[in-house]
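The values are calculated or read from the model by the stated rules, or taken from the named source; none is laboratory data. For clarity, every value in this text was computed on a predicted model and none was experimentally measured. Cβ atoms come from the backbone with ideal geometry, glycine included; neighbour counts cover every protein chain shown. When the accessible area is computed, the model is the full protein with side chains, heavy atoms only, and any ligands, DNA or RNA have been set aside. Shrake-Rupley method; radii C 1.70, N 1.55, O 1.52, S 1.80 Å.
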Amino acid sequence: MISGKTKLVGLIGHPVEHSISPAIHNSAFAAHGLDYAYLPLPVEPANLAAAIAGIKALSFAGANVTIPFKVDVMPYLDEIDSTARFIGAVNTIVIKNGKSIGYNTDAEGFIKSLQQKAIVIKNRNAVLLGAGGAARAVVCGLIGYGVSQITVLARNRDKAEQFAQSFENPTIFGGAWDNDTAKKAMRSCHILINCTPLGMHPMIDNAPPLDWDNVASNAAVCDLIYNPTTTKFLATAAQSGYRTLNGEGMLVEQAALAFKLWTGQEAPRNVMYETFITTFSRTS
Ligand code: NAP
(Lines give C-alpha, C1' and ligand atoms only; values in the text may rest on other atoms or scores of the structure.)
Protein backbone atom coordinates (compact mmCIF):
# COMPACT_ATOMS: atom_id res chain seq x y z
CA MET A 1 0.00 0.00 0.00
CA ILE A 2 1.25 3.50 -0.80
CA SER A 3 2.25 5.40 2.35
CA GLY A 4 3.91 8.70 3.19
CA LYS A 5 7.26 6.89 3.01
CA THR A 6 6.75 5.22 -0.37
CA LYS A 7 9.68 5.75 -2.70
CA LEU A 8 8.66 6.66 -6.23
CA VAL A 9 10.12 5.60 -9.56
CA GLY A 10 8.53 5.80 -12.98
CA LEU A 11 8.75 5.55 -16.74
CA ILE A 12 9.49 8.73 -18.69
CA GLY A 13 8.51 8.35 -22.34
CA HIS A 14 6.08 9.36 -25.06
CA PRO A 15 3.88 7.35 -25.22
CA VAL A 16 4.00 5.12 -22.12
CA GLU A 17 0.44 3.85 -21.76
CA HIS A 18 1.12 0.46 -23.40
CA SER A 19 4.24 -0.24 -21.34
CA ILE A 20 4.47 -3.43 -19.28
CA SER A 21 7.23 -1.94 -17.09
CA PRO A 22 4.88 -0.63 -14.33
CA ALA A 23 3.43 -4.13 -13.87
CA ILE A 24 6.87 -5.80 -13.91
CA HIS A 25 8.41 -3.41 -11.36
CA ASN A 26 5.42 -3.13 -9.03
CA SER A 27 5.14 -6.93 -8.84
CA ALA A 28 8.87 -7.11 -8.04
CA PHE A 29 8.60 -4.46 -5.29
CA ALA A 30 5.63 -6.32 -3.80
CA ALA A 31 7.47 -9.67 -3.94
CA HIS A 32 10.34 -8.16 -1.91
CA GLY A 33 8.01 -6.22 0.43
CA LEU A 34 9.65 -2.96 -0.66
CA ASP A 35 7.79 0.31 -0.15
CA TYR A 36 8.27 1.51 -3.72
CA ALA A 37 5.78 2.42 -6.46
CA TYR A 38 6.44 2.61 -10.21
CA LEU A 39 4.34 5.08 -12.16
CA PRO A 40 3.82 5.79 -15.87
CA LEU A 41 5.12 9.33 -16.51
CA PRO A 42 4.02 10.49 -19.99
CA VAL A 43 6.09 13.50 -21.04
CA GLU A 44 5.62 15.72 -24.08
CA PRO A 45 9.00 16.14 -25.82
CA ALA A 46 9.03 19.89 -25.14
CA ASN A 47 8.74 19.16 -21.40
CA LEU A 48 11.66 16.76 -21.01
CA ALA A 49 13.91 19.18 -19.09
CA ALA A 50 11.03 20.08 -16.78
CA ALA A 51 10.25 16.40 -16.24
CA ILE A 52 13.82 15.64 -15.10
CA ALA A 53 13.83 18.68 -12.82
CA GLY A 54 10.40 17.51 -11.62
CA ILE A 55 11.42 14.01 -10.57
CA LYS A 56 14.34 15.51 -8.63
CA ALA A 57 12.11 18.14 -7.01
CA LEU A 58 9.58 15.45 -6.09
CA SER A 59 12.29 13.29 -4.46
CA PHE A 60 11.83 10.33 -6.80
CA ALA A 61 14.31 7.48 -6.28
CA GLY A 62 14.79 7.27 -10.03
CA ALA A 63 13.15 6.50 -13.35
CA ASN A 64 13.35 4.52 -16.54
CA VAL A 65 13.61 6.39 -19.82
CA THR A 66 12.14 5.08 -23.04
CA ILE A 67 11.40 6.14 -26.63
CA PRO A 68 11.99 8.89 -27.73
CA PHE A 69 14.13 10.25 -24.87
CA LYS A 70 17.01 7.79 -24.31
CA VAL A 71 19.52 10.08 -26.04
CA ASP A 72 17.84 13.47 -25.54
CA VAL A 73 17.69 13.06 -21.76
CA MET A 74 21.47 12.98 -21.36
CA PRO A 75 22.19 16.74 -21.24
CA TYR A 76 19.65 17.16 -18.42
CA LEU A 77 21.35 14.70 -16.04
CA ASP A 78 23.97 15.62 -13.43
CA GLU A 79 26.16 12.56 -14.11
CA ILE A 80 26.30 9.72 -16.63
CA ASP A 81 28.05 6.45 -15.90
CA SER A 82 30.73 5.19 -18.27
CA THR A 83 28.63 2.42 -19.90
CA ALA A 84 25.76 4.78 -20.70
CA ARG A 85 28.24 7.31 -22.06
CA PHE A 86 29.83 4.64 -24.27
CA ILE A 87 26.42 3.52 -25.56
CA GLY A 88 25.31 7.12 -25.96
CA ALA A 89 21.93 6.56 -24.35
CA VAL A 90 20.34 6.36 -20.89
CA ASN A 91 17.47 4.04 -19.98
CA THR A 92 17.69 4.29 -16.18
CA ILE A 93 18.09 7.27 -13.85
CA VAL A 94 19.01 7.02 -10.18
CA ILE A 95 18.48 10.06 -7.97
CA LYS A 96 20.90 10.09 -5.08
CA ASN A 97 21.63 12.98 -2.72
CA GLY A 98 19.67 15.27 -5.02
CA LYS A 99 21.75 14.34 -8.09
CA SER A 100 20.44 12.54 -11.18
CA ILE A 101 22.75 9.82 -12.51
CA GLY A 102 22.15 8.17 -15.90
CA TYR A 103 22.76 4.47 -16.55
CA ASN A 104 22.08 2.08 -19.40
CA THR A 105 20.95 -1.46 -18.53
CA ASP A 106 19.90 -2.46 -22.08
CA ALA A 107 23.35 -3.75 -23.12
CA GLU A 108 23.84 -5.93 -20.05
CA GLY A 109 20.17 -6.98 -20.19
CA PHE A 110 20.61 -8.23 -23.75
CA ILE A 111 23.78 -10.14 -22.82
CA LYS A 112 22.05 -11.78 -19.86
CA SER A 113 19.22 -12.90 -22.14
CA LEU A 114 21.77 -14.60 -24.44
CA GLN A 115 23.56 -16.22 -21.50
CA GLN A 116 20.29 -17.64 -20.19
CA LYS A 117 19.88 -19.52 -23.45
CA ALA A 118 23.55 -20.60 -23.35
CA ILE A 119 24.30 -18.61 -26.51
CA VAL A 120 28.09 -18.19 -26.60
CA ILE A 121 29.44 -14.70 -27.38
CA LYS A 122 33.22 -14.98 -26.97
CA ASN A 123 35.09 -15.38 -30.27
CA ARG A 124 31.82 -15.53 -32.23
CA ASN A 125 30.63 -13.46 -35.21
CA ALA A 126 27.47 -11.40 -34.85
CA VAL A 127 25.31 -9.81 -37.54
CA LEU A 128 22.91 -7.03 -36.57
CA LEU A 129 20.01 -5.92 -38.74
CA GLY A 130 19.33 -2.24 -38.00
CA ALA A 131 21.57 0.56 -36.78
CA GLY A 132 19.50 2.47 -34.24
CA GLY A 133 19.60 2.97 -30.47
CA ALA A 134 18.96 -0.65 -29.49
CA ALA A 135 21.60 -1.85 -31.96
CA ARG A 136 24.07 0.46 -30.23
CA ALA A 137 23.37 -1.13 -26.84
CA VAL A 138 23.67 -4.61 -28.38
CA VAL A 139 27.04 -3.77 -29.98
CA CYS A 140 28.38 -2.37 -26.69
CA GLY A 141 27.24 -5.49 -24.83
CA LEU A 142 28.77 -7.87 -27.37
CA ILE A 143 32.11 -6.00 -27.41
CA GLY A 144 32.28 -6.21 -23.63
CA TYR A 145 31.89 -10.01 -23.77
CA GLY A 146 34.62 -10.72 -26.33
CA VAL A 147 32.71 -11.10 -29.59
CA SER A 148 35.07 -11.66 -32.51
CA GLN A 149 33.40 -9.58 -35.23
CA ILE A 150 30.23 -7.57 -35.66
CA THR A 151 28.62 -6.69 -38.99
CA VAL A 152 25.86 -4.10 -38.83
CA LEU A 153 23.50 -4.18 -41.81
CA ALA A 154 20.76 -1.68 -42.51
CA ARG A 155 18.52 -0.48 -45.32
CA ASN A 156 20.62 2.68 -45.52
CA ARG A 157 24.26 1.80 -46.26
CA ASP A 158 25.63 5.20 -45.22
CA LYS A 159 23.90 5.04 -41.85
CA ALA A 160 25.18 1.51 -41.23
CA GLU A 161 28.73 2.48 -42.16
CA GLN A 162 28.68 5.64 -40.01
CA PHE A 163 27.22 3.64 -37.14
CA ALA A 164 30.01 1.03 -37.38
CA GLN A 165 32.75 3.66 -37.75
CA SER A 166 31.53 5.53 -34.66
CA PHE A 167 32.89 2.71 -32.47
CA GLU A 168 36.42 3.17 -33.86
CA ASN A 169 36.88 -0.58 -33.56
CA PRO A 170 38.44 -2.55 -36.44
CA THR A 171 36.23 -5.59 -35.74
CA ILE A 172 32.96 -3.72 -36.40
CA PHE A 173 31.77 -3.35 -39.99
CA GLY A 174 28.72 -1.71 -41.54
CA GLY A 175 26.93 -2.02 -44.85
CA ALA A 176 23.68 -2.41 -46.75
CA TRP A 177 21.76 -5.59 -46.01
CA ASP A 178 21.30 -6.52 -49.66
CA ASN A 179 24.90 -6.66 -50.95
CA ASP A 180 27.75 -9.20 -51.12
CA THR A 181 29.30 -8.08 -47.81
CA ALA A 182 26.00 -8.92 -46.16
CA LYS A 183 25.88 -12.37 -47.76
CA LYS A 184 29.44 -13.13 -46.65
CA ALA A 185 28.74 -12.00 -43.09
CA MET A 186 25.60 -14.17 -42.96
CA ARG A 187 27.51 -17.26 -44.02
CA SER A 188 29.94 -17.00 -41.10
CA CYS A 189 27.46 -15.67 -38.57
CA HIS A 190 26.94 -17.30 -35.15
CA ILE A 191 24.45 -14.77 -33.73
CA LEU A 192 21.95 -12.95 -35.96
CA ILE A 193 19.94 -10.18 -34.28
CA ASN A 194 17.01 -8.18 -35.60
CA CYS A 195 17.40 -4.68 -34.12
CA THR A 196 14.76 -3.08 -36.36
CA PRO A 197 11.10 -2.68 -35.44
CA LEU A 198 10.11 -4.76 -38.52
CA GLY A 199 7.49 -7.25 -37.37
CA MET A 200 6.52 -5.39 -34.19
CA HIS A 201 2.83 -5.10 -33.31
CA PRO A 202 0.70 -3.99 -35.16
CA MET A 203 2.79 -4.50 -38.34
CA ILE A 204 3.27 -8.18 -37.60
CA ASP A 205 3.54 -9.27 -41.26
CA ASN A 206 6.78 -7.31 -41.74
CA ALA A 207 10.25 -8.83 -41.48
CA PRO A 208 13.76 -7.81 -42.47
CA PRO A 209 14.57 -9.03 -46.00
CA LEU A 210 16.82 -12.07 -45.68
CA ASP A 211 17.99 -14.93 -47.85
CA TRP A 212 17.83 -17.69 -45.25
CA ASP A 213 19.84 -20.01 -47.53
CA ASN A 214 22.79 -17.72 -46.83
CA VAL A 215 22.58 -17.80 -43.03
CA ALA A 216 24.97 -20.21 -41.29
CA SER A 217 22.94 -23.21 -40.15
CA ASN A 218 24.26 -23.13 -36.56
CA ALA A 219 23.42 -19.44 -36.00
CA ALA A 220 21.29 -18.39 -33.04
CA VAL A 221 18.59 -16.06 -34.37
CA CYS A 222 17.44 -13.29 -32.03
CA ASP A 223 14.81 -10.57 -32.24
CA LEU A 224 14.71 -7.64 -29.81
CA ILE A 225 10.95 -7.43 -30.35
CA TYR A 226 8.77 -9.01 -27.64
CA ASN A 227 5.35 -8.00 -29.03
CA PRO A 228 4.49 -10.36 -30.65
CA THR A 229 6.54 -12.94 -28.79
CA THR A 230 7.15 -14.76 -32.07
CA THR A 231 7.75 -12.34 -34.94
CA LYS A 232 7.53 -13.41 -38.56
CA PHE A 233 11.36 -13.23 -38.56
CA LEU A 234 11.65 -15.68 -35.65
CA ALA A 235 8.89 -17.94 -36.98
CA THR A 236 10.71 -18.27 -40.31
CA ALA A 237 13.99 -18.95 -38.50
CA ALA A 238 12.39 -21.63 -36.32
CA GLN A 239 10.77 -23.29 -39.36
CA SER A 240 14.22 -23.40 -40.96
CA GLY A 241 15.65 -25.14 -37.88
CA TYR A 242 17.47 -22.24 -36.18
CA ARG A 243 17.61 -21.69 -32.41
CA THR A 244 15.60 -18.54 -31.63
CA LEU A 245 15.39 -15.92 -28.87
CA ASN A 246 12.89 -13.06 -28.60
CA GLY A 247 13.16 -9.71 -26.78
CA GLU A 248 11.39 -10.83 -23.59
CA GLY A 249 14.66 -11.72 -21.86
CA MET A 250 16.26 -8.36 -22.69
CA LEU A 251 13.19 -6.49 -21.43
CA VAL A 252 13.03 -8.35 -18.12
CA GLU A 253 16.79 -8.43 -17.54
CA GLN A 254 17.23 -4.68 -18.14
CA ALA A 255 14.38 -4.14 -15.69
CA ALA A 256 16.04 -6.42 -13.12
CA LEU A 257 19.27 -4.42 -13.40
CA ALA A 258 17.37 -1.13 -12.97
CA PHE A 259 15.61 -2.60 -9.90
CA LYS A 260 19.00 -3.33 -8.35
CA LEU A 261 20.24 0.20 -9.08
CA TRP A 262 17.23 1.72 -7.31
CA THR A 263 16.90 -0.64 -4.37
CA GLY A 264 20.36 -2.15 -3.88
CA GLN A 265 18.71 -5.60 -3.87
CA GLU A 266 18.80 -8.44 -6.37
CA ALA A 267 15.56 -8.41 -8.34
CA PRO A 268 13.07 -11.29 -8.05
CA ARG A 269 13.60 -12.12 -11.70
CA ASN A 270 11.22 -15.11 -11.73
CA VAL A 271 8.42 -12.85 -10.52
CA MET A 272 9.30 -10.33 -13.22
CA TYR A 273 9.21 -13.00 -15.94
CA GLU A 274 5.88 -14.33 -14.66
CA THR A 275 4.43 -10.81 -14.60
CA PHE A 276 5.63 -10.22 -18.14
CA ILE A 277 3.87 -13.37 -19.33
CA THR A 278 0.59 -12.77 -17.50
CA THR A 279 0.40 -9.04 -18.26
CA PHE A 280 1.42 -9.55 -21.84
CA SER A 281 -1.16 -12.24 -22.49
CA ARG A 282 -3.84 -9.94 -21.00
CA THR A 283 -2.88 -6.84 -22.97
CA SER A 284 -1.80 -8.25 -26.37
P1 NAP B 1 15.52 3.05 -33.63
O2 NAP B 1 16.57 3.77 -32.86
O3 NAP B 1 14.42 3.84 -34.25
O4 NAP B 1 16.28 2.21 -34.79
C5 NAP B 1 15.57 1.37 -35.65
C6 NAP B 1 16.49 0.81 -36.74
O7 NAP B 1 15.65 0.02 -37.59
C8 NAP B 1 17.15 1.84 -37.64
O9 NAP B 1 18.33 1.30 -38.18
C10 NAP B 1 16.10 2.03 -38.75
O11 NAP B 1 16.62 2.45 -39.97
C12 NAP B 1 15.62 0.60 -38.90
N13 NAP B 1 14.26 0.58 -39.44
C14 NAP B 1 13.17 1.18 -38.90
N15 NAP B 1 12.09 0.94 -39.70
C16 NAP B 1 12.56 0.21 -40.76
C17 NAP B 1 11.94 -0.32 -41.91
N18 NAP B 1 10.63 -0.15 -42.16
N19 NAP B 1 12.71 -1.00 -42.80
C20 NAP B 1 14.02 -1.16 -42.58
N21 NAP B 1 14.67 -0.68 -41.49
C22 NAP B 1 13.94 0.00 -40.59
O23 NAP B 1 14.79 1.96 -32.73
P24 NAP B 1 15.43 1.16 -31.50
O25 NAP B 1 15.22 1.90 -30.25
O26 NAP B 1 16.80 0.78 -31.90
O27 NAP B 1 14.48 -0.13 -31.42
C28 NAP B 1 14.55 -1.16 -32.38
C29 NAP B 1 13.69 -2.33 -31.95
O30 NAP B 1 14.22 -2.90 -30.77
C31 NAP B 1 12.24 -1.93 -31.62
O32 NAP B 1 11.39 -2.94 -32.11
C33 NAP B 1 12.21 -1.93 -30.12
O34 NAP B 1 10.94 -2.23 -29.59
C35 NAP B 1 13.19 -3.04 -29.80
N36 NAP B 1 13.77 -2.90 -28.46
C37 NAP B 1 13.57 -3.92 -27.57
C38 NAP B 1 14.10 -3.85 -26.30
C39 NAP B 1 13.88 -4.96 -25.33
O40 NAP B 1 14.07 -4.76 -24.11
N41 NAP B 1 13.51 -6.15 -25.77
C42 NAP B 1 14.87 -2.72 -25.92
C43 NAP B 1 15.07 -1.70 -26.86
C44 NAP B 1 14.51 -1.81 -28.14
P45 NAP B 1 16.59 4.01 -40.40
O46 NAP B 1 17.63 4.68 -39.56
O47 NAP B 1 16.89 3.98 -41.85
O48 NAP B 1 15.21 4.50 -40.10
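Results, tabulated for the structure shown:
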{"quantity": "Unique match (being in the same structural domain as Ala255 (by the TED database) and either crowded, with 16+ Cβ neighbours inside 10 Å or modelled with pLDDT under 95 (or both)) among Thr181, Thr92", "calculated": "Thr92"}
{"quantity": "Among residues of segment 236-257, those that are acidic (Asp, Glu) and open to solvent by 20 Å² or more (accessible area, probe 1.4 Å), counted", "calculated": "1"}
{"quantity": "Test: residue in segment 162-172 that is touching a helix residue (DSSP H, G or I) at 6+ places or on another chain (Cβ under 6 Å) and without any contact (Cβ under 8 Å) to a residue 40 or more places away in the chain", "calculated": "yes"}
{"quantity": "Leading residue by the ranking (surrounded by the most Cβ atoms within 10 Å (Cβ to Cβ)) among those in segment 72-87 that are closer than 18 Å to Ala50 by Cβ and not charged (D, E, K, R)", "calculated": "Val73"}
{"quantity": "Candidate set: segment 152-167, residues that are within 14 Å of the ligand (Cβ to nearest atom) and not in a helix (DSSP H, G or I); chosen: the one surrounded by the fewest Cβ atoms within 10 Å (Cβ to Cβ)", "calculated": "Asn156"}
{"quantity": "Answer residue from segment 135-151, given it is open to solvent by 10 Å² or more (accessible area, probe 1.4 Å) and of a type in the set (Ser, Thr, Tyr) and is farthest from the ligand (Cβ to nearest atom) among those", "calculated": "Ser148"}
{"quantity": "Out of Lys260, Lys232, sole residue that is open to solvent by 40 Å² or more (accessible area, probe 1.4 Å), farther than 20 Å from Val152 by Cβ and in the same structural domain as Ala135 (by the TED database)", "calculated": "Lys232"}
{"quantity": "Residue among Leu192, Leu210 that alone is modelled with pLDDT under 95 and open to solvent by less than 50 Å² (accessible area, probe 1.4 Å)", "calculated": "Leu210"}
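A quick yes/no check of all residues on (1) more than 10 Å from the ligand (Cβ to nearest atom); (2) assigned by the TED database to the domain that holds Asn218; (3) surrounded by 22 or more Cβ atoms within 10 Å (Cβ to Cβ):
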| residue | (1), (2), (3) |
| --- | --- |
| Lys96 | yes, no, no |
| Gln115 | yes, yes, no |
| Ile119 | yes, yes, no |
| Lys122 | yes, yes, no |
| Asn125 | yes, yes, no |
| Leu129 | no, yes, yes |
| Gly133 | no, yes, no |
| Asn169 | yes, yes, no |
